[in-house]
Amino acid sequence: MLTVIVDYESGNLHSAEKAFQRMAHETGAGEVMVTSDPEVIRTADRILLPGDGAFPACRKALFDHRGVFEAMEEVVIKGGKPFLGICIGMQMLATRGLEYHETAGFDWIGGEVDKITPADPSLKVPHMGWNDLVIDTPHPVFEGIKTGDHAYFVHSYHMKVSDPATLLAHVDYAGPITAIVGRDNLLGMQFHPEKSQKTGLRLIANFLTWKP
């Protein structure tokens, strides 16, 4: 079994790599590899797409790595292998992003990525720090996870899903902010599970053993 972390030079992958390697070892989920090689991506049993920064810049960086998106699409959409997007990697699942200007997403999960606008103007954006998850839709990734468990966020934009059934969890920040989305073999987490201590490690383990 091979889990591939896609490297398209968007963010520091070290902490994600270490967390996924640790949980792969603990769960017997096989090897975890960081790569930008489309041919290696095509051999993956699971794919992780991270991302830090602005939506347009991350999308451009991904597509500048020739063949990477096509390899992911082949494995995930055509092949049905489990996929997890983290932070901007989750946001790119959407139909479009509205950061700076309208930018096309993958359109794998319908919706758009828009700026966080808390109802309480005293709350700062970016939304940064720990927040309690609220589980909206049951999913195998939540085994051992409950509403009230907390995760670590750093973001100014969030995904607004078109279909409520694809919203798996949210957090409250003077209004709902999307935390986890999913459908079929796709998952996305707005927060950083590799930085979310016990909750994050459990979510990683659940993803690595999930059989959609």
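Sorting K18, K81 on solvent-accessible area from highest to lowest, probe radius 1.4 Å, gives K18, K81. In this Cβ point-charge picture (+1 for Lys and Arg, -1 for Asp and Glu), the range 1-133 has a dipole of about 80 debye about its Cα centre.
Mind checking Rg over Rh on the chain, alpha carbons, Kirkwood formula for Rh?
Details: Rg = 15.8 Å, Rh = 16.9 Å.
Radius of gyration relative to Kirkwood radius: 0.93.
In plain terms, the chain from E9 to D37 could stretch by 8.8 nm, reckoned as 0.36 nm per residue minus the Cα-Cα distance.
Take the chain with all the other protein chains still there, run a 1.4 Å probe, and you get 44 Å² of accessible area per residue.
Which percentage, to the nearest 5, of the DSSP beta bridges contained in the range 2-209 is antiparallel?
Details: 24 of 41 bridges.
Antiparallel bridges: around 60 percent, rounded to the nearest 5.
Computed over the chain, the per-residue total of -39500 (n - 2.57) for DSSP H runs of n ≥ 4 gives a 222 nm mean residue ellipticity of -6500 deg cm²/dmol, rounded to 500.
If you roll a 1.4 angstrom probe over the protein chains with everything in place, what fraction of the accessible area of the range 63-212 belongs to carbon and sulfur, to the nearest %? Show your work: numbers first, answer last.
Values: 3420 of 6640 Å².
After summing per-atom areas, the C and S share lands at 52 percent.
The loop-placed GluC sites (Glu not before Pro) in the range 1-49, going by DSSP, that have at most 11 neighbouring Cβ atoms within 10 Å of their Cβ come out as E9.
Cross-link list K146/K195; K18/K198; K60/K160: which exceed 20 angstrom alpha carbon to alpha carbon? Write out the running numbers ahead of the final one.
Values: K146/K195 18 Å; K18/K198 14 Å; K60/K160 22 Å.
Beyond 20 Å between Cα atoms: K60/K160.
Pop the C-beta distance of H101 and E74 into the FRET formula with R0 = 35 Å and round what comes out to the nearest 0.05. Each step should come with its number before you reach the end.
Values: r = 29 Å, r/R0 = 0.83.
That pair, H101 with E74, gives E of 0.75.
For H150, nonlocal amide neighbours, meaning residues 5 or more places apart or on other chains whose placed amide H falls under 5 Å from its own, are L133.
Extension gain, E143 to A119, is 5.4 nm, computed as 0.36 nm per intervening residue step minus the present C-alpha separation.
The values are calculated or read from the model by the stated rules, or taken from the named source; none is laboratory data. Here the structure is a predicted model, which is why all the values come from computation and not from measurement. Using ideal geometry, Cβ is built from the backbone for each residue, glycine included, and neighbour counts are taken over all protein chains shown. All accessible areas refer to the heavy atoms of the entire protein, side chains included, with ligands and DNA or RNA removed. Shrake-Rupley method; radii C 1.70, N 1.55, O 1.52, S 1.80 Å.
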